[in-house]
Amino acid sequence: MKTIEKDQETLTFAKRLKQSTRVNHDGVDTLVMQSQPFANEKNYANFLRLQHIFHKTVAPLYQNNVLQELFPGLGELPRLSAVESDLNDLGLSTAVDAASVEKITDLHQAIGWLYCSEGSNIGAAFLYKETQKLNFDAEHGANHLAAHPEGRAPHWRKFVAQLDALTLTEQQEALAIQGAMSAFAFYKKTLASLAVQSPL
Ligand code: HEM
């Protein structure tokens with residue numbers, strides 16, 4: 001009979017990322033829903049600002065040469081310009097205080113940030129549906145939450161396969177997991193700071 005330890009050892013890298021950040025994810029999910037992002041346009045605008053700061057932070061990673069080699073096609077995936085077009089659709093500024101954007105310099109941590117960013121498009125299926133209540137869609141206001149042209153699941157499976165094809169040392173993997181945790185923590189911190197600036 002397999003032990004729990006054995007199960008953990010045999011998990012793929014992508015599954016280990018998921019397992020290590022499940023609590024972080026669920027905390028962020030709960031906080032986002034508590035902010036009632038789809039209750040009205042004002043709340044949605046605040047959610048867009050949050051998404052904007054997050055995608056602005058990860059955007060340079062999608063252009064990094066080393067990461068592009070590890071993840072073929074990466075250069076076509078960033079959602080920053082889609083969030084900016086959503087902000088424009090709502091008549092909102094795309095200016096961001098440089099201090100609110102984090103600089104990610106460690107390439108192995110960057111892998112965890114990318115995991116967080118790409119994975120967020122899975123849960124976005126539900127978020128995208130909710131935007132319809134506010135009459136937003138892929139053409140207007142909710143472009144960054146729309147599915148990848150390949151479809152969400154096939155796109156995610158491709159990214160997971162790329163993660164699992166990496167040959168990281170134990171230390172590099174630990175950095176990647178740390179990066180994913182930092183990404184969730186950053187999202188949480190940004191959400192809290194925006195909530196202070198713009199209470200419900
Ligand atoms: C209200 C907000 C959110 C909801 C309702 C939500 C929901 C979900 C759901 C249902 C999944 C699929 C889980 C599964 O297949 O087991 C998922 C996956 C994921 N979400 Fe979220 N999510 C939210 C916000 C976020 C945010 C803000 C981020 C990142 C900053 C994020 C990152 C991820 C990641 C990385 C995965 C992939 C997990 C994996 O299979 O490895 N989510 N989310």
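State yes or no: is Asn65 under 20 Å from Trp113 (Cα atoms), open to solvent by 80 Å² or more (accessible area, probe 1.4 Å) and at pLDDT 95 or above? Spell out the reasoning first.
Numbers: under 20 Å from Trp113 (Cα atoms): yes; open to solvent by 80 Å² or more (accessible area, probe 1.4 Å): yes; at pLDDT 95 or above: yes.
So Asn65 fits the description; yes.
So, Ala185, is that one modelled with pLDDT under 95 and within 12 Å of the ligand (Cβ to nearest atom) or not? Can you show your working first?
Numbers: modelled with pLDDT under 95: no; within 12 Å of the ligand (Cβ to nearest atom): yes.
No.
Can you tell me how many residues in the stretch 68-93 are among the aliphatic types (A, V, I, L, M), over 14 Å from Ile53 (Cα atoms) and in a helix (DSSP H, G or I)?
Qualifying residue count for the region: 2.
Answer with yes or no whether Ala59 is part of a helix (DSSP H, G or I) and small (Gly, Ala, Ser). Break it down into steps so the answer makes sense when it comes.
Details: part of a helix (DSSP H, G or I): yes; small (Gly, Ala, Ser): yes.
In short, yes.
Would you pick out the residues in the stretch 104-137 that are away from the ligand (no atom under 14 Å from the Cβ), exposed (fewer than 14 other Cβ atoms within 10 Å of the Cβ) and without any contact (Cβ under 8 Å) to a residue 24 or more places away in the chain?
Thr105, Gln132, Asn135, listed by residue number.
Conditions tested, residue by residue: (1) in a helix (DSSP H, G or I); (2) more than 29 Å from Leu168 (Cα to Cα).
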residue: Leu17; (1), (2): yes, no
residue: Asn24; (1), (2): yes, no
residue: Gly27; (1), (2): yes, no
residue: Met33; (1), (2): yes, yes
residue: Gln36; (1), (2): no, yes
residue: Ala39; (1), (2): no, yes
residue: Tyr44; (1), (2): yes, yes
residue: Leu50; (1), (2): yes, yes
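The values are calculated or read from the model by the stated rules, or taken from the named source; none is laboratory data. No experiment lies behind these values; they were computed from the predicted model shown. When we count neighbours, we look across all protein chains shown, and the Cβ atoms used for this are built from the backbone with ideal geometry, even at glycine. Note: accessible area is taken over every heavy atom of the protein model, side chains too, but ligands, DNA and RNA are not part of it. Shrake-Rupley method; radii C 1.70, N 1.55, O 1.52, S 1.80 Å.
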